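Nothing in this text is a laboratory measurement; each read-out follows from the coordinates by a stated rule. Since the model is a prediction, treat every value here as computed from it, not as a measurement. Cβ: placed from backbone, ideal geometry, glycine included. Neighbour counts: every protein chain shown.
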Amino acid sequence: MARASGASKRQQPRASVEASVQVAAPAPVPGWRAVSELRWRPRTDQHVIFLSDWSKATDQDAHIPEPAEDDGVDEQGAQGERAEGARQEAAESAKDLLPPVEMLRLVAARWTALLEEEEKRSALVSFRASGVLAPAELTRRLPGAAARLYTLGGLVAPLSDAALGRMPLARYSVVRAPNMSFWPHLRALIEEQERTQPGLELWEDLESDLDLLEQELAWWIASPQGLILNLYEGEMLVGHLSLARQYDPTEGCDGWGVIALHIAPQAQGQRLGTILQRVAATLLVTRKATQRIEPAAEPEAADGPSPTMQMTALDTRQWPFLFGFVAAHNIPALRGAYGAGRRIIGTYVDVPLEALWPPGKVDQPAASSEE
């Protein structure tokens with residue numbers, strides 16, 4: 001499931017603080033300004049110091065790229081230059097996207113002063129980078145850091161009219177939900193997946209998050225700015241996609257946010273998540289969101305290309321922009337999002353506190369909190 005308003009964005013911060021540094025501090029980064037929040041993750045039972053905003057560092061020496069190594073092999077020179085160019089590009093991208101380590105240390109020190117010793121040991125620092133971070137470069141610059149959540153967005157191409165009558169859609173019917181009668185079945189599917197594949201989704205607290213999801217769907221199902229599609233095999237619900245027209249300034253997204261995307265285990269492996277997104281794009285492009293779509297036994301003959309096919313081939317400006325959030329370890333959901341035309345446009349990163357200080361300096365947060 002990829003959610004536009006996922007659990008990580010629903011939870012309320014316990015507190016917030018705005019920090020400005022204009023004087024010397026331990027390992028300072030001059031001229032930066034940061035806003036941070038103290039959050040709580042019920043699933044992992046830990047505090048999270050979330051850096052919600054920061055200015056760009058002015059210290060050019062905050063991160064110095066490592067010099068390239070010359071292997072002295074002439075015949076591999078061109079290949080080595082290309083690899084080095086890609087590495088330097090990734091390094092520069094990471095340098096621009098990552099907050100300075102010194103900033104993370106100081107923010108962490110101020111918040112950990114409010115925590116008990118037991119709470120400090122499990123606490124994390126977290127932030128959002130406004131782009132894609134290569135895992136190798138992220139690990140190199142912040143050893144111990146890991147991507148937790150990706151924001152994916154992009155234009156999604158509609159399906160041609162004939163595609164609705166071909167496999168695998170020929171086995172299913174896609175229906176725009178007229179009311180919330182489908183909810184007990186969808187909830188049962190989500191709970192089943194959580195039992196069989198626990199932790200695949202980033203539910204903070206399954207019961208409360210499902211209650212919030214039900215409220216969201218009930219709100220958007222009555223709104224012309226919402227689109228809720230269900231996928232049926234006979235009378236059995238095997239898929240769900242819900243979208244809402246949203247503007248998210250934090251993510252820089254203006255389009256249709258994915259509230260929920262779910263495929264039943266027995267229907268997985270057929271790219272149905274990708275197909276559902278493209279069906280939604282078709283409805284949004286052709287403005288047929290109130291019409292029930294059912295696959296025909298045989299495609300009807302036509303004198304020329306259908307309007308949908310013409311728009312698919314020629315007018316990409318009409319394609320809707322879809323965005324949502326996917327757990328970094330949910331590889332099937334990431335593949336499905338890429339298959340539908342979306343790309344990573346944001347990365348949420350978790351950094352353990354011990355990764356911010358070298359070994360032997362574990363007491364650094366307590367000492368720095370006095371600054």
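Points to keep in mind about this one:
- Sorted fewest first by neighbouring Cβ atoms within 10 angstrom, VAL125, VAL101 come out as VAL101, VAL125.
- Estimated vicinal HN-Hα couplings, Hz - segment 331-336 in sequence order (Karplus 6.51, -1.76, 1.60; Gly, Pro = x): 4, x, 5, 5, 4, x
- For GLY131, the residues whose modelled amide H falls within less than 5 Å of its own, excluding neighbours fewer than 5 places apart on the same chain, are GLY346, THR347.
- Net length gained if the chain between ARG171 and SER55 were fully extended (0.36 nm per residue, minus Cα distance): 36.5 nm
- Inter-part distance where segment 208-283 and segment 166-193 are each reduced to a Cα centre, Å: 10
- Cβ-derived FRET efficiency at R0 35 Å, VAL35 paired with GLN266, nearest 0.05: 0.15
- Put in order of Cβ neighbour count within 10 Å, fewest first, the listed residues GLU251, GLU118 become GLU118, GLU251.
- Inter-label distance, ALA136 to HIS185: 4.7 nm, where each label sits 7 Å from its Cα along the C-beta direction.
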